[in-house]
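The values are calculated or read from the model by the stated rules, or taken from the named source; none is laboratory data. As the structure is a computational prediction, the values presented were derived from the model and not from experiment. Because the Cβ atoms are built from the backbone with ideal geometry, glycine has one as well, and the counts that use them run over all protein chains shown. Remember, those area values only see protein heavy atoms, side chains included, never the ligands or the DNA or RNA. Shrake-Rupley method; radii C 1.70, N 1.55, O 1.52, S 1.80 Å.
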Amino acid sequence: MTNGLVIAVPKGRILEELAPLLKKVGIVPEKAFFDDNERQLQFACVGSDISLIRVRSFDVATFVAFGAAQLGVCGSDVLMEHNYSDLYTPLNLNIGHCHLSVAEPEGLSEKEDLSRMSHLRIATKYPHVTQKYFAQRGIQAECIKLSGAMELAPKLGLSGRIVDLVSSGRTLKANGLREVEIIATISSRLIVNRSAFKTRSGEIGALIERFREAVEERHAN
């Protein structure tokens, strides 16, 4: 397993969308891979020397950038936040669609409109993207980094706004928030370690093409 390719994949919702694509590519993980209660983190694949590691979405890019995995699947939001120079992004997998958005409490007064502000406190796990986005508008964004439960921040007075991923918007609505600006449209990408691609271009290149064909076939259907 140590000489085979290692692919880092994210836990959670994206994995559900990724599973059929892996099957089309011919990557068939052992049964334990699909067990949410399984504590094992690295999984063999049937009839292949490829192995999968199942990690948090934000960690996928780090594992690949530093060469612990040769390939990975992660959202473009993670790539925007980290901006690792050691990553090559050959393919949009066209899954995991959502928005990276600014959200605020319902019913704010006119004087609290974003266009009137020069300083803003924002809860987010995307401080670099958030600060850059608001700096372009002349607004200084003071970012409070949270890993989850972002929607609680305005309600409890931690921040005035949040920047987070939005899919259906139901969680925002349930917590008295509304999406007001879209920073970026997000989808999941296939990423490759640049050094690994140079030294193992044959097998990695072939795998990229198999993913490309699977994506095109899925889109055609």
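General observations
- For the chain, the residue among PRO20, SER48, HIS119 whose Cα projects farthest onto the positive side of the dipole built from Cβ charges is HIS119.
- Contour minus Cα-Cα distance for ARG39 and ARG170 (0.36 nm per residue): 44.1 nm
- For segment 1-106, a Kirkwood radius taken over Cα pairs fed into Stokes-Einstein (4 °C, viscosity 1.567 mPa s) yields D = 88 µm²/s.
- Here segment 26-155 is treated with +1 on each Lys and Arg Cβ and -1 on each Asp and Glu Cβ, and its dipole about the Cα centre works out to around 280 debye.
- Highest-MSF residue in the chain out of LYS11, LYS198, LYS155 [GNM, Cα springs under 10 Å]: LYS198
- Sequence-distant lysines (8 or more away, or on other chains) whose Cα lies within less than 19 Å of LYS23: LYS11, LYS31
- Summarised as an ellipsoid, segment 166-221 has semi-axes of 37, 16, 8 Å, derived from the eigenvalues of the Cα gyration tensor scaled by 5 and square-rooted, with the largest first.
- Translational diffusion of the chain was estimated from the Stokes-Einstein equation, with Rh taken as the Kirkwood radius over Cα pairs; at 10 °C and 1.306 mPa s the coefficient is 84 µm²/s.
- Of all accessible heavy-atom area on the chain, the percent that carbon and sulfur account for (1.4 Å): 48 percent
- A 1.4 Å probe run over the chain, with the rest of the protein chains in place, finds 53 Å² accessible per residue.
- Assigned charges on the beta-carbon of Lys, Arg, Asp, Glu; the chain dipole about Cα centre (debye): 220 debye
- Applying the Kirkwood pairwise sum to the alpha-carbon positions of segment 1-63 produces a hydrodynamic radius of 11.9 angstrom.
- Cross-link reach list, aspartates and glutamates versus LYS155, counting only Cα pairs under 12 Å and skipping chain neighbours closer than eight places: GLU104, GLU106
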